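The values are calculated or read from the model by the stated rules, or taken from the named source; none is laboratory data. Note that the coordinates shown come from a computational prediction; the quantities given were computed from them, not determined experimentally. In this analysis, Cβ positions are derived from the backbone assuming ideal geometry, glycine residues included, and neighbour counts consider all displayed protein chains. All accessible areas refer to the heavy atoms of the entire protein, side chains included, with ligands and DNA or RNA removed. Shrake-Rupley method; radii C 1.70, N 1.55, O 1.52, S 1.80 Å.
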Amino acid sequence: MIIGLDVGGTHTDVVLLGEHGIECQAKVPTTHDNLLDCVWKGLEAVTLGVAPHEVERIVLSTTLTTNAIAEEKLPPVGMIVTSGPGLDPESFRTNDHYYVVSGSIDHRGREIQPIEPMEIEAIGSRLRKEGVRHVGVVGKFSIRNPKHETQIQQLLGDHFDYVVLGHRMSGSLNFPRRIATAYLNAAVYSIHKKFFDAVRRSLKKNGLPIPIHILKADGGTMSFDASLDLPGQTILSGPAASVMGSLPYSSEHLDTLVLDIGGTTTDMAVIVGTVPLLAAQGAKVGRFRTLIRALRTSSLALGGDSAVRVKNGRLQLGPDREGPAMAFGGPTPTPTDAIIALGGNLNGNRSAAERGMLQVAEALGVPMQEAAQQVFDMACRGILQAAEEMVQAINAKPVYTVHELLEGYQVRPKEILVLGGPAPYFAKRLEEISPYTVRVVPQWDVANAVGAALARTTCELTLFVDTERGIATAPEEAFHQPVKRDFTMGKAVSLALELLTEKAVREGATRSDLETEVLEKLQFNMVRGFYTAGKYYRVKVQVKPGLIGHYRCIVDRIQHSDATAPSCTV
């Protein structure tokens, strides 16, 4: 059996998947000041009476690091940056403790200027005095030669809890994004580590020492242990869970909009056929453009619990949430109250929902039912407008899926898949007021957790080969080996796939479930005078994102089950 757990802004959903589909599910309120509490309550509920050896793994998706960035509740981070001639690194300053130091490597990986050890030691001393415990180190061409980054790490010694090096982030060249990515990894490390330790302690204490995986922003998973090296990859795992939960139900020959309508936000994405779109350059997280590989998603600050207000005679929804809907004990009327007041069966207190809508009705000067309909329609139209704006933004640039560039492709969704607690009610109205065919994802209220549970372990790797210098390197893996001048592209591809497989297994994949592919092959000659001095190869490979191999039988049972899965007592 597999456990999937999704920590959302309002609720934490947990499912136990087995041969009958969803064996058990639980939904608990998300306690933002003590996330571990809601995580453990959910896990405890679905594992009651289940022997530990029956559980194959747990996959978590969490908004913990994303929320910390959004709320700017990050610890201080030291950033040490080397560049050399060209763009001024000061233009990419991320935070206060940001130091540009001596040393440069050129685009071929040759050292132009060495670093100054005394300069680094002085910065290290200053950071320690200022109480900085986490450091990011980034060199402009470190993926071609990480020498300076590793030298700086050695000079900093063991005085810091976490030092992340830029060349470990990605094999892509992009200096500004590499700086931002290193900063975010260092900034969220302690938050992720605290969560990691607490979850592991709790599972062990309760006799569940089972493998833990965490969902990444690209819809794949990695082992909890591997996530400690690059915790930034867990950012945006929540929206990725929405996509993975919808993936089995998208139409093979259509573009599909995915709308996950939660209490606080609506997460949106596009699936082309049965393949999600990718943010090709990397995720945008708050004000930072990063190299974090991520699905192309967008979040709208409008959900079922968004506060409803009337200002100057005009209706206003959100963007804030003051608590649950009045039907569930909250202080402010919400779209969820509107649904219940209109007759929706969401198990809330209908009298309280109607009281909320009466407040709105009096401010608007209309009957209560009309006010509720206005609130609900405004929510539906706001979501549709935001989704169409997202599609326009996607079509303004080249369209990438997780597998390939769709050259000249324009996304034109014909259908919408809706998930989240109030999904059936929104789906019905969205279809009435739009040209789309709208369907509800089976087990819509826990579909995110199902998606997290069934996601495959994924990773990528970039190999560089310079036959003139006689070296092959994979910077993300700290790999390098000598090569001869007759090294070929075929050998480069084989080596890249071999390294990728080793990496995937190390991060929690099973060999029988690995589907690898070559994303990019580049080759050019290096010419000196009138002669070819060597060849340069760049090979980028990945484990295909998707659902684990034996998922189909579980999905089929979920899809063809009319009954709601049994809920566990929390």
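This model, with +1 at the C-beta of Lys and Arg and -1 at the C-beta of Asp and Glu, gives the chain a dipole about its Cα centre of some 1200 debye.
Pairs over the 26 Å Cα-Cα cut-off, from the set Lys284/Lys397; Lys73/Lys503; Lys73/Lys129; Lys140/Lys544; Lys27/Lys503; Lys140/Lys540: Lys73/Lys503; Lys140/Lys544; Lys27/Lys503.
Note on the stretch 77-187: dipole from Cβ charges, positive end direction compared against Ile80, Ile105, Ile115; the farthest Cα belongs to Ile105.
Residues whose amide H lies under 5 Å from that of Val438, counting only those 5 or more places away or on a different chain, are Ile416; hydrogens are built 1.01 Å from N in the peptide plane. A 1.4 Å probe over all protein chains sorts Glu515, Glu507 by accessible area into Glu515, Glu507, starting with the largest. The Cα center of the stretch 96-168 and the Cα center of the stretch 509-538 differ in position by 28 Å. Hey, with R₀ at 22 Å, roughly what FRET efficiency would Leu315 and Ser351 work out to, going by the Cβ-Cβ distance, to 0.05? Result of the calculation: an efficiency of 0.50. This structure gives Cα extents along the principal axes in Å, computed directly, and of [x] 78, 69, 49; [y] 70, 61, 41; [z] 83, 53, 50 that value is listed as [z].
Surface composition of the stretch 82-212: carbon and sulfur make up 50 percent of the accessible area, probe 1.4 Å.
Calculated mean residue ellipticity, 222 nm, the chain: -10500 deg cm²/dmol, from DSSP H runs (n ≥ 4) at -39500 (n - 2.57) each, averaged per residue and rounded to 500. Dipole check for the stretch 459-544: with +1 at the C-beta of Lys and Arg, -1 at the C-beta of Asp and Glu, and the Cα centre as origin, the magnitude is about 420 Debye.
Of all complete DSSP H helices in the chain, those with a Cα span along the helix axis of 20 Å or greater and a mean Kyte-Doolittle hydropathy of -0.5 or more are 175-205, 350-364, 368-395, 489-506. What separates the Cα centres of the stretch 427-442 and the stretch 234-286 is a distance of 17 Å. When peptides 522-528, 464-470, 154-160 are sorted by average Cβ neighbour count within 10 Å, with the highest value leading, the order is 464-470, 154-160, 522-528.
Over the chain, accessible surface divided per residue gives 42 Å², non-protein components excluded, 1.4 Å probe.
When +1 charges are put on Lys and Arg Cβ atoms and -1 charges on Asp and Glu Cβ atoms, the dipole computed for the stretch 182-298 relative to its Cα centre reaches about 580 debye.
Per atom type, the stretch 258-368 shows carbon and sulfur on 45% of its accessible surface, probed at 1.4 Å.
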